[in-house]
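Everything below concerns the one structure shown next.
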Amino acid sequence: MNQTHLGVLEAGGNIPSLITILRLGDALGINGADIVREVEEMRREAERVRLAAKKAAMTPPPPVNDDDVGGS
């Protein structure tokens, strides 16, 4: 694997094959399954945050109490 290919992978420009993930794990001295697990955890967290933001944007603001308007 050359530096250009690795840079493209890091930038999300390509989807690595399973063999590439395993080779990357070997080069880093870690298990390829750990790479996949961490990526999946980050993907799930990003999706959770995205859905929470979407839900918050769709929630209408609470009604205004006329007694609170004007402060007196």
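Odds and ends about this structure:
- Per-bin percent of Cα-Cα distances, region 10-52 [10 Å]: 27, 46, 22, 5
- Exposure proxy order (Cβ contacts within 10 Å, fewest to most) of LEU18, LEU6: LEU18, LEU6
- Contour minus Cα-Cα distance for ASN14 and ASP26 (0.36 nm per residue): 2.4 nm
- Entry note, the chain: the mean residue ellipticity at 222 nm calculated from DSSP H runs of n ≥ 4, each adding -39500 (n - 2.57), is -21000 deg cm²/dmol after division by the residues and rounding to the nearest 500.
- Pair-distance distribution P(r) for the chain, from all Cα-Cα distances in 5 Å bins starting at 0: 3, 13, 13, 16, 10, 8, 7, 6, 5, 4, 4, 4, 5, 2, 0 percent.
A short reminder: the numbers here are calculations on the coordinates, not readings from a lab. Fair warning: this is a prediction, and the values are worked out from it, not measured in the lab. All Cβ positions, glycine included, derive from the backbone under ideal geometry; neighbour counts span all protein chains shown.
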